[in-house]
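Here is the structure we will look at, set down as structure tokens.
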Amino acid sequence: MATFLIDLSPGDMQRRLGDALGIYVDAMRYPRGTEAQRASMWLEHTRRKGWTAVAVVEAPDRSPDDREAPTLSTAPLLGIAYGYCGAPDQWWQQQVVQGLERGGAGTSRISDLMTSYFELTELHIHPEAQGRGLGEALTRRLLAGRDEPHVLLSTPEITGEANRAWRLYRRLGFTDVIRGYHFAGDPRPFAILGRELPL
Ligand SMILES: CC(C)(COP(=O)(O)OP(=O)(O)OC[C@H]1O[C@@H](n2cnc3c(N)ncnc32)[C@H](O)[C@@H]1OP(=O)(O)O)[C@@H](O)C(=O)NCCC(=O)NCCS
């Protein structure tokens, strides 16, 4: 079997939503059932400006005498990533602006950060496929050719930044925007990270 990176249209995401949410729940080690709470939000996100999604799928490697290209549109998912343009009516942007204000950021800093950015909203690789560079490949594909001057994301704080997500973001040059931030309704502290585009 070989792995392939593919782009997903909104229709592809709708069709593969159950599998994509399954990857998300397994990767984040959330309890089963979380998928159902997230489904309508993930679908709503597909309608946001600049929404782009990419996936890693697994398919039989093509042998030299095989004339058929592997069918990737139905190949099983190993990873999923998507994002869209940030906008003032989005809850995430409103939360981040509050965090910046609380941290003493001035209006020009907030405007520089929030006027035009790509939000990297979700990035997940199935646990059995982690640690092979697929997350980095997916991130690079998702961020390639964006018009926005920078990308922002949030990730749970981990002591010593000691997990694959943190190692990936640091390796790709993401720097701190806010640390130890509590989004409304979530007891966990998060970091907001960002970097200029292109990657
Ligand atoms: C974070 C996550 C997306 C990273 O994806 P990944 O495929 O596991 O990791 P990367 O693409 O960064 O791969 C790097 C690892 O692959 C190894 N690797 C092997 N071949 C590689 C290659 N060709 N290129 C790069 N790295 C390679 C590296 O040595 C590295 O191993 P290490 O982490 O043990 O040091 C994934 O681990 C994940 O889904 N985690 C759980 C969910 C999560 O935290 N999501 C982010 C929430 S904000």
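Side notes on the structure shown:
- Residues that are small (Gly, Ala, Ser) and surrounded by 15 or more Cβ atoms within 10 Å (Cβ to Cβ) within region 90-105 comprise Gly99, Ala105, listed in sequence order.
- Within region 30-42, one or more residues are within 11 Å of the ligand (Cβ to nearest atom), surrounded by fewer than 20 Cβ atoms within 10 Å (Cβ to Cβ) and closer than 28 Å to Arg179 by Cβ.
- Among residues that are of a type in the set (A, V, I, L, M) and part of a loop (DSSP other than H, G, I, E, B), Ala75 is included.
- From the options Pro70, Pro64, residue that is surrounded by 12 or more Cβ atoms within 10 Å (Cβ to Cβ), modelled with pLDDT under 95, on the phi < 0 side of the Ramachandran plot and assigned to a loop (DSSP other than H, G, I, E, B): Pro70
- A single entry from Tyr24, Tyr84 fulfils the requirement of being of a type outside the set (A, V, I, L, M, F, W, C), in a strand (DSSP E or B) and modelled with pLDDT of 95 or more: Tyr84.
Residue-wise test of (1) more than 11 Å from the ligand (Cβ to nearest atom); (2) among the acidic types (Asp, Glu); (3) within 16 Å of the chain's Cα centre (by Cα).
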position: Glu128; (1), (2), (3): no, yes, no
position: Arg132; (1), (2), (3): no, no, no
position: Glu136; (1), (2), (3): no, yes, yes
position: Ala144; (1), (2), (3): yes, no, yes
position: Ser154; (1), (2), (3): no, no, yes
position: Thr159; (1), (2), (3): yes, no, no
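The values are calculated or read from the model by the stated rules, or taken from the named source; none is laboratory data. Here the structure is a predicted model, which means the values were calculated and not measured. All Cβ positions, even for glycine, are placed from backbone atoms using ideal geometry, and neighbour counts span all protein chains on display.
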